[in-house]
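The values are calculated or read from the model by the stated rules, or taken from the named source; none is laboratory data. Keep in mind the model is a prediction, meaning the values are calculated, not measured. All Cβ positions, even for glycine, are placed from backbone atoms using ideal geometry, and neighbour counts span all protein chains on display.
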Amino acid sequence: MSTLAVHDHGVAHHEDDHGQHHHKATFLNTYIFSQDHKMIAKQFLITGMAMAFIAMILSILFRIQLAYPDKAFPLMETLLGRFAPGGRLDSNFYLALVTIHGTIMVFFVLTAGLSGTFANLLIPLQLGVRDMASPFMNMLSYWFFFIASVIMLSSFLVQKGPASGGWTIYPPLSALPKAMPGSGMGMTLWLISMVLFIASQLMAGINYVSTILNMRTKGMDLWKMPLTVWALFLTAILGVLSFPVLVAGVVLLVFDRSFGTSFYLSDIVLNGTQIQPFEGGSPILFQHLFWFLGHPEVYIVIMPAMGISSEVMSVNSRKPIFGYHAMVYSLIGITVLSFIVWGHHMFVTGMNPFLGGVFMITTLIIAVPSAVKTFNWLATLWRGNIRFTSGMLFAIGMVSFFISGGLTGIFLGNAALDINLHDTYFVVAHFHLVMGSAAIFGMLAGVYHWFPKMFGRMMNERLGYLHFWLTFIGAYLVFFPMHFMGLDGVPRRYYAFTEFESMKQWLSVNTFVTWAAIMSAVAQLAFLFNFIHSIFWGKKAPQNPWESNTLEWTTPVEHLHGNWPGEIPTVYRWPYDYSKPGAEHDFIPQTVPLSQTMSSNLPHDFEDNPVGLEEHTKWTSAQKSNEEVK
Amino acid sequence: MMSKIQQEDRLNLAPKKFNMWIFIFTSFMFFAALTSGFIVYVGGSSAHGMNIKMPDAFMYSTAVIMLSSLTMFLAARAAKSSQFGKQRLYLWLTIMLGVAFFGIQLYAWSYLVKNGIYFSNPNASQSFIYVFTGMHLLHIFAGLLLLANTLWRSYRSIEQVKNLYSVQMSSIFWHFVDIIWIYLYVFLLLNQQ
């Protein structure tokens, strides 16, 4: 590292002397094909946000249909053309909207947008690494993701519309190109897009795991890592182990679609007359393969949000996170359990009731680590010196949604109750709160909190509050009534269920929910304006705006490739030394050695360090004798 | 500054090697998913069985790929002790054995087809044979590309650190596809009736 000084010293004749080694920073390699993890993080964030806005608009479109099933909106025909003939949404297009809304939100926003952004930004910055294990693979990962996004959206341009069999793409709807309009070209594009997406996630995940295990700075042992990194680490492991299983499922699906095999298909009759030549396949097999990924996937979505919220809440409560070890072990518990619960998505597929019972028990056990986390967050807030920054509000909002959505998980995890509740709006309400809203709030908490690190400027706090309250109240107004609809037996994914005599009374609720959704959607404009405006004209960020302990705030505000201009800082303590008794300030960054904070050291700071402990006891006894002299 | 970091990054090879190990886990999960899929499928109905004897060709291909693992090991050992002539020879041998394996698998397919066992088949247990071997052949193909790259690099004068890295990367992967084949073959043998 000493050569760095020489480099800076000789900038003037650097160009002509070392021409062959110097890579010029062009527009193309700085902003487009960047291998710098910070730029890749921003690329993921902005692409993810764009996808989120698109998916949100899709949801507003189908909400309008649900609220006004009889009304024609001429504007809709102008905008959507053949998908809304006469100003009323086409029933097949409704299914396409639901499918693509789910796909984009789950995969493109909450998997790639969330993990992609914060893993890329925080893993190197919080661990003291100059860049990922393989920056090139990291760049490829973004570009695969980008192309996957473009292909997914391009399916709106094909004649028969996008895939419409639901985001879980169960066969036979997904396996027979003639099954419904969306099963043709739209489904093919969906599959191509997802294969690219999975490749992107695998490259990214492999890189994250390798970086975390191999490249941490001096002193940064695993138990000194911030909870964000722990969460992102376990998320990456989940992805690396579960996405290949989806690939296997999709490969077999492609064979059924295009090569005439019968893995998933059996006894199919199209349009009442055309008997298809498939025999002996099992559609349940696909569900097994899909949900073996699908269930870990929901933890891939929520765990980064948990990590971000833990970090943001600890910083802004000015208190150490309550139960750091318990937080890590509960994350590990969730990771392990997530692989043995997939059957709870399949209780009503004719599964052996004994097997259903096994899956029910494993599912309900997940409530334990989840509750550990929830109580730890609440205990972190308890008697904290809370700073209500926008990031903090969203982190608290995340906990709120996780609790209210998690409680209904206990109902749904029950094999007997599931007979009534499966495929109703109760399920929709449950997962939109517990993984949809909660994960989005975790992501927004992260955006508000690390915006100064990403763009060197601060976001507007007032607009942040406005955004938070409108979104928070809006999300509850949208999803809470759905519980009651579900208990009444209203099925999900229906185009116009209020036409049924028995469900007519839900029309007024539907109208209410739609207007609440429109309000929350409009509230996102406050965020979008705040985000774009602050990138260019926000207040300049100070070095450490939140007075946080973690390493990312020791890097210069102006980004440079390699993160730290000189040597990478060494780490001496865990990341949560907030309001430590006896300390000068209410935070002690990880880079401050214990020898500089004698007045606040505690005996347990010196586990595995007998020399330090001896110094500590000497120092405390010296202090005591001084007291006596006084 | 930037060039300095890129220089550092270029030689930071251990994490990249670790990437390969993780990739192997991913790949293993893929094959585990396929074989579990088979088990679930067969368990679904008593009519779902493979009901054939595996072609003898699979026995020969198993021998060939195990031999190629040996030559791969010898190549890696030669690379470690800087005997580049030997390294190239064994790499050539490994590649040739790999190609032979590829050929034998294709022959086995033609044998199956001749005996009326098609990929597009109402009994998907038999389609699974093609899926297992086909997906494995994709891995073999990737491994051959990796080996060819290593061989090509060994003819250019690159630093020994990078030569060794290149050999080790392809060696990890090649042993893995070997082991996966043995796993698949044993799995097929156990389920053939």
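Would you pick out the residues in segment A:474-503 that are of a type in the set (A, V, I, L, M) and without any contact (Cβ under 8 Å) to a residue 24 or more places away in the chain?
A:M503
Pairs under 6 Å by beta carbon, first residue closer than 9 Å to A:I60 by Cα in segment A:510-521, partner in a helix (DSSP H, G or I) and among the charged types (D, E, K, R), six or more apart or different chains?
A:T514/A:R63; A:A517/A:R63
Sort through A:L234, A:L227, A:L293 and tell me the only one that's in contact with a helix residue (DSSP H, G or I) (Cβ under 9 Å, 6 or more places away or on another chain), of a type in the set (A, V, I, L, M) and under 24 Å from A:G350 (Cβ atoms).
Result of the check over A:L234, A:L227, A:L293: A:L293.
With the checklist (1) touching a His at 6+ places or on another chain (Cβ under 8 Å); (2) within 19 Å of A:S314 (Cβ to Cβ) in hand, flag the one item A:P603 doesn't pass.
Result: A:P603 fails condition (2) only.
Take the conditions free of Cβ contacts under 8 Å to residues at least 40 places away in the same chain and in a helix (DSSP H, G or I) and apply them to A:L417. Does it pass?
Judged against the criteria, A:L417 is a match.
If you check A:G612 against the conditions, is it modelled with pLDDT under 90 and assigned to a loop (DSSP other than H, G, I, E, B)?
Answer is no for this residue.
With (1) in contact with a His (Cβ under 6 Å, 6 or more places away or on another chain); (2) at the interface with chain A (Cβ under 8 Å from one of its Cβ atoms); (3) under 17 Å from B:Y185 (Cα atoms) as the list, and B:S69 as the residue in question, which single condition is left unmet?
(2)
Being under 12 Å from A:A41 (Cα atoms) and among the polar types (S, T, N, Q) is the filter here; which residues of segment A:104-145 pass it?
Those that are under 12 Å from A:A41 (Cα atoms) and among the polar types (S, T, N, Q): A:S115, A:T117, A:N120, A:N138, A:S141.
Out of everything in segment A:275-304 that is buried (at least 24 other Cβ atoms within 10 Å of the Cβ) and β-branched (V, I, T), what residue ends up being nearest to the other protein chains (Cβ to nearest Cβ)?
A:I300
If only one of A:F512, A:F500, A:F527 is in the same structural domain as A:A52 (by TED's automatic domain parsing) and surrounded by 17 or more Cβ atoms within 10 Å (Cβ to Cβ), which one is it?
That would be A:F527, the only listed residue that is in the same structural domain as A:A52 (by TED's automatic domain parsing) and surrounded by 17 or more Cβ atoms within 10 Å (Cβ to Cβ).
Please verify whether A:L463 is in the same structural domain as A:M56 (by TED's automatic domain parsing) and in contact (Cβ under 8 Å) with a residue 12 or more places away in the chain, treating the condition exactly as stated.
yes
Would you check which residues across segment B:14-52 are modelled with pLDDT of 85 or more and outside any helix (DSSP H, G or I) and list them?
B:I52
Report, ordered by the first and then the second residue, all pairs with beta carbons closer than 9 Å, sequence separation of six or more or different chains, a first member in segment B:53-72 that is outside any helix (DSSP H, G or I), and a second member that is buried (at least 18 other Cβ atoms within 10 Å of the Cβ).
What qualifies is B:M54/B:A108; B:M54/B:I129; B:M54/B:Y185; B:M54/B:L188; B:P55/B:A108; B:P55/B:W109; B:P55/B:L112; B:D56/B:A108.
How many residues are part of a helix (DSSP H, G or I), farther than 30 Å from A:V129 by Cα and in contact (Cβ under 8 Å) with a residue 24 or more places away in the chain when one looks only at segment A:177-215?
13
What is the number of the single condition among (1) in contact with a helix residue (DSSP H, G or I) (Cβ under 6 Å, 6 or more places away or on another chain); (2) touching a residue at least 40 places away in the same chain (Cβ under 8 Å); (3) in a helix (DSSP H, G or I) that A:T362 does not meet?
(2)
Sort through A:G489, A:G464 and tell me the only one that's in a loop (DSSP other than H, G, I, E, B) and not aliphatic (A, V, I, L, M).
Of the residues listed, the single one that is in a loop (DSSP other than H, G, I, E, B) and not aliphatic (A, V, I, L, M) is A:G489.
Quick check on B:F30: is it in contact (Cβ under 8 Å) with a residue 40 or more places away in the chain and surrounded by 16 or more Cβ atoms within 10 Å (Cβ to Cβ)?
yes
When you go through A:E297, A:E279 one by one, which is the residue that is out of contact with any strand residue (DSSP E or B) (no Cβ under 7 Å at 6 or more places or on another chain), within 28 Å of A:W377 (Cα to Cα) and among the charged types (D, E, K, R)?
None of the others qualify; the one that does is A:E297.
Hey, does segment A:150-159 have a residue that's surrounded by fewer than 24 Cβ atoms within 10 Å (Cβ to Cβ), closer than 26 Å to A:G442 by Cα and either of a type outside the set (G, A, S) or more than 14 Å from the chain's Cα centre (by Cα) (or both)?
Checking segment A:150-159: at least one residue is surrounded by fewer than 24 Cβ atoms within 10 Å (Cβ to Cβ), closer than 26 Å to A:G442 by Cα and either of a type outside the set (G, A, S) or more than 14 Å from the chain's Cα centre (by Cα) (or both).
Is there a residue in segment A:348-357 that is of a type in the set (S, T, Y) and either crowded, with 17+ Cβ neighbours inside 10 Å or not assigned by TED's automatic domain parsing to the domain that holds A:V240 (or both)?
Taking every residue of segment A:348-357 in turn, none turns out to be of a type in the set (S, T, Y) and either crowded, with 17+ Cβ neighbours inside 10 Å or not assigned by TED's automatic domain parsing to the domain that holds A:V240 (or both).
Go through A:I396, A:I386 for me and flag whichever is aliphatic (A, V, I, L, M), over 25 Å from A:V428 (Cα atoms) and surrounded by 14 or more Cβ atoms within 10 Å (Cβ to Cβ).
When all the criteria are applied, what remains is A:I386.
Given A:S183, A:S262, A:S193, which one is hydroxyl-bearing (S, T, Y), surrounded by 23 or more Cβ atoms within 10 Å (Cβ to Cβ) and within 10 Å of chain B (Cβ to nearest Cβ)?
A:S262
Hey, any hits in segment A:236-254 for a residue that's away from every other protein chain (no Cβ under 14 Å) and either in a helix (DSSP H, G or I) or surrounded by 23 or more Cβ atoms within 10 Å (Cβ to Cβ) (or both)?
Checked against the condition, which is being away from every other protein chain (no Cβ under 14 Å) and either in a helix (DSSP H, G or I) or surrounded by 23 or more Cβ atoms within 10 Å (Cβ to Cβ) (or both), segment A:236-254 yields no hits at all.
Just give me the residues in segment B:118-158 being within 14 Å of chain A (Cβ to nearest Cβ) and farther than 21 Å from B:T62 by Cα, in sequence order.
Of everything in segment B:118-158, those that are within 14 Å of chain A (Cβ to nearest Cβ) and farther than 21 Å from B:T62 by Cα turn out to be B:Y118, B:F119, B:S120, B:N121, B:P122, B:N123, B:A124, B:S125.
All but one of (1) surrounded by fewer than 18 Cβ atoms within 10 Å (Cβ to Cβ); (2) within 7 Å of chain A (Cβ to nearest Cβ); (3) at pLDDT below 75 hold for B:I5, so report the exception by its number.
Only one criterion is unmet by B:I5, namely (1).
One line per residue, one yes/no per condition, for (1) touching a residue at least 12 places away in the same chain (Cβ under 8 Å); (2) more than 14 Å from chain B (Cβ to nearest Cβ); (3) among the aliphatic types (A, V, I, L, M):
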{"residue": "A:H101", "(1), (2), (3)": "yes, yes, no"}
{"residue": "A:I104", "(1), (2), (3)": "yes, yes, yes"}
{"residue": "A:F107", "(1), (2), (3)": "yes, yes, no"}
{"residue": "A:L121", "(1), (2), (3)": "yes, yes, yes"}
{"residue": "A:L125", "(1), (2), (3)": "yes, yes, yes"}
{"residue": "A:R130", "(1), (2), (3)": "yes, no, no"}
{"residue": "A:L140", "(1), (2), (3)": "yes, no, yes"}
{"residue": "A:V150", "(1), (2), (3)": "no, yes, yes"}
{"residue": "A:P162", "(1), (2), (3)": "yes, yes, no"}
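Residue-by-condition table, conditions (1) among the basic types (K, R); (2) buried (at least 16 other Cβ atoms within 10 Å of the Cβ); (3) over 30 Å from A:Y448 (Cβ atoms):
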site	(1), (2), (3)
A:P556	no, no, no
A:R573	yes, yes, no
A:G582	no, no, yes
A:P593	no, no, yes
A:N601	no, yes, yes
A:V611	no, no, yes
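Among the residues of segment A:308-326, which ones are touching a helix residue (DSSP H, G or I) at 6+ places or on another chain (Cβ under 9 Å) and surrounded by fewer than 23 Cβ atoms within 10 Å (Cβ to Cβ)?
A:K319, A:P320, A:F322, A:G323, A:Y324, A:H325, A:A326
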